[in-house]
Amino acid sequence: MLRSMRENRPRKPASLITPNSFTRGQLVDEFISEDGLNTFEGWSRYQAINLSTLTEEQLATWRGFFDEARRRSEANPKVGLMKLQPVPGEFKYAVAVREGDGLWLVLWVRRSPKGEFFVMKPIGDREWDPHTSYHLNGNVHMKSHDRKVLPPRKRQPLTGVFRGCEPIFMYGGYAPKGVGAVCDLTVFTGVVEVAPGIFGPRDGTVAVDLVEPGHMPTDYTQSGEIVTQKVFLEVTPNVVITVLR
């Protein structure tokens, strides 16, 4: 799945880790924005490194890791405007972040004309194609590089009367501006627009539920602060998108 520079995060050499290398409350829990990750100080907090405890040699080593991560990040192609074509009987629901004049696509939920559901994430590397799918027979699986990354889960089929609630997706940590996928409002049935300061390389979570009309979605209050939750009624089961801090 998309984790921005997280996928290229170096492993910490054992010689560089000390008992005082990080303080959880200061270095792990603090929000780091995408722009913050572009600085050595912000990237170091992301790595849970306390720079004040390192020697000059250790600082030089970590700065080398940072420079390499920046080169890899800058080499990744930006997605640009998503050219999603309208399909009769298809519904698309997006999550997007408004930053200045830009509206950046985080992910979208697609309900196919066949009645199956897919959670899609924009990414420059088209061979990666990370997505979660819920098929008519009730099989739910995640794929990356056209391979299943987790064992399929069995949920209720979509061919009969749908009852209750089925959570199908929950993922945290996003870099929508870095991915650079422009959200075109005209191609989506509905959009959950989120303000800046929620999503970051390790922050912000999106959950997607399929819910029987009139039924309550999953209670996510123990997972974080609910920033927004939206129910889309155009399809049955309803699609519920929850954004958590």
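The values are calculated or read from the model by the stated rules, or taken from the named source; none is laboratory data. Bear in mind the structure is a predicted one, so any value in this text is a computation, not a measurement. As a convention, Cβ positions derive from the backbone with ideal geometry for all residues, glycine included, and neighbour counts pool all protein chains shown.
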- Message: Within region 173-188, does at least one residue satisfy the condition of being without any contact (Cβ under 8 Å) to a residue 40 or more places away in the chain and of a type outside the set (Ser, Thr, Tyr)?
- Response: no
- Task: Please name all residue pairs, on different chains or six or more residues apart, with Cβ atoms under 6 Å, provided the first residue is in region 37-51 and is over 20 Å from Phe199 (Cβ atoms) and the second residue is among the β-branched types (Val, Ile, Thr).
- Result: none
- Could we say that Leu233 is out of contact with any Leu (no Cβ under 7 Å at 6 or more places or on another chain), surrounded by fewer than 15 Cβ atoms within 10 Å (Cβ to Cβ) and within 14 Å of Val95 (Cβ to Cβ) here? no
- Message: Please pick out the residue among Gly115, Gly64 that is on the phi > 0 side of the Ramachandran plot, surrounded by 11 or more Cβ atoms within 10 Å (Cβ to Cβ) and out of contact with any helix residue (DSSP H, G or I) (no Cβ under 8 Å at 6 or more places or on another chain).
- Response: Gly115
- Quick check: is even one residue across region 74-82 outside any helix (DSSP H, G or I) and basic (Lys, Arg)? yes
- Regarding Ala181, is this residue of a type in the set (A, V, I, L, M, F, W, C), modelled with pLDDT of 95 or more and under 23 Å from Pro130 (Cα atoms)? no
- Query: When region 169-187 is examined, which residues are found to be crowded, with 20+ Cβ neighbours inside 10 Å and over 14 Å from the mean Cα position of the chain (by Cα)?
  - Reply: Cys183
